[in-house]
Each structure stands twice: as C-alpha cells, then as structure tokens.
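Heads up: the structure comes next, in structure tokens.
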Amino acid sequence: MITSMTNADILEETYSFGEIITSSEVFHIYMKAKQQLEQDKEAQEMIGNFRHLKEKYDEVQRFGKYHPDFKTVTKDVREAKRQLDTHPSIADFKKAEKELEQLLGEVSMIIADAVSPNIKVPSGNPFFDQGGCGGGCGSGGSCGCS
C-alpha cells in the first residue's frame, strides 16, 4: 500500500522547515542587522530624508526633464542614495538581507527541483536561473518560451 501525505501533513512539515530556517545563522545575522538598523537614529533619519526626497522625485518624474527642479531633485536623490548605501548599519543590513534572500532562493530551487525539473522558480540570480533564453520572455520570442 502506497501512503501519501495529506495537505495538513505537508503544511506541518513546512512549518517545521520554517523553524529550521529561522534558527539558522544566516537568519540570526539578518535579525541582528535589522535590529541594529532600527536602533540607529542617524540611519533612520537618513532613511526618512530619502523617503521625502523620493516623494519629490516621483512628483518630478511625472513631468520629466521639463520640470523646473528636475536636475536638482535627481541629483539630491542620487546623493542621498549613495549616503544610504555607504552607511555602516544600512550596508550591514543590506548584506545580511541579500544572504538570507540567497538562502531562501537556494532552498526554493531545491524544493522545486525535487518536485519537477520543469518548475520555474524566479530567483533574480542568473546563477540559479538556468536554461531559458537569458534575456527574459520580452526578447521578441526568440527564446522559445511559451
């Protein structure tokens, strides 16, 4: 007699698997970086300033280069973004976030491949996006995707 798992069994196993991931070193590093970022007043101020500039940028983008503040706002957003990217707690958080994302992407690929090699899992990482056309399905249909 062949036995199979019910949906409830699969969900229960999934929750157990989630606990394994949340007890991993990668997850703990991510949570520590997140907590440090949340407690960093300077970083939070910079993020708030960037959000404000981003709202201005979105308004300017509606009119494009014809908006009188286009160059100024665009320059300010680029500078603020550069400051955000180089701030230590923000950079640490982004690195930890990327590593956790990579772990989850790898796990997703392994699970999908275990079910069927035809299951597509978007990873955003060309290393894991094997096969296909490489240019996406918007490349004019030459990739053979359907």
Mind checking whether some residue in region 58-73 is over 24 Å from the mean Cα position of the chain (by Cα), of a type in the set (Ser, Thr, Tyr) and farther than 30 Å from Val107 by Cα?
yes
Go through (1) more than 30 Å from Pro88 (Cα to Cα); (2) in contact with a His (Cβ under 9 Å, 6 or more places away or on another chain) one by one and return the number of the condition Thr22 breaks.
(1)
Going by the conditions given, is Asp40 surrounded by 14 or more Cβ atoms within 10 Å (Cβ to Cβ), free of Cβ contacts under 8 Å to residues at least 60 places away in the same chain and in contact with a Ser or Thr (Cβ under 7 Å, 6 or more places away or on another chain)?
yes
Would you confirm, using the coordinates I've provided, whether Leu53 is in contact with a Phe, Trp or Tyr (Cβ under 8 Å, 6 or more places away or on another chain), among the hydrophobic types (A, V, I, L, M, F, W, C), in contact (Cβ under 8 Å) with a residue 24 or more places away in the chain and in a helix (DSSP H, G or I)?
no
Just wondering, is there one or more residues in region 85-96 that are out of contact with any His (no Cβ under 6 Å at 6 or more places or on another chain), of a type in the set (Lys, Arg), under 24 Å from Val121 (Cα atoms) and part of a helix (DSSP H, G or I)?
yes
Counting only residues that are under 19 Å from the mean Cα position of the chain (by Cα) and touching a residue at least 24 places away in the same chain (Cβ under 8 Å), which one in region 74-86 is surrounded by the fewest Cβ atoms within 10 Å (Cβ to Cβ)?
Lys81
Restricting to region 21-37, and then to whatever is touching a residue at least 60 places away in the same chain (Cβ under 8 Å) and in a helix (DSSP H, G or I), can you tell me which residue is farthest from Arg78 (Cα to Cα)?
Ile21
Output the qualifying pairs, or none if there are none: Cβ atoms under 8 angstrom, residues six or more apart or on different chains, first residue in region 5-20 and loosely packed, with under 10 Cβ neighbours inside 10 Å, second residue modelled with pLDDT of 85 or more and in a helix (DSSP H, G or I).
none
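The values are calculated or read from the model by the stated rules, or taken from the named source; none is laboratory data. All values reported here derive from a predicted model rather than from experimental measurement. FYI the Cβ positions are ideal-geometry reconstructions off the backbone, even for glycines, and counts take in every protein chain you see.
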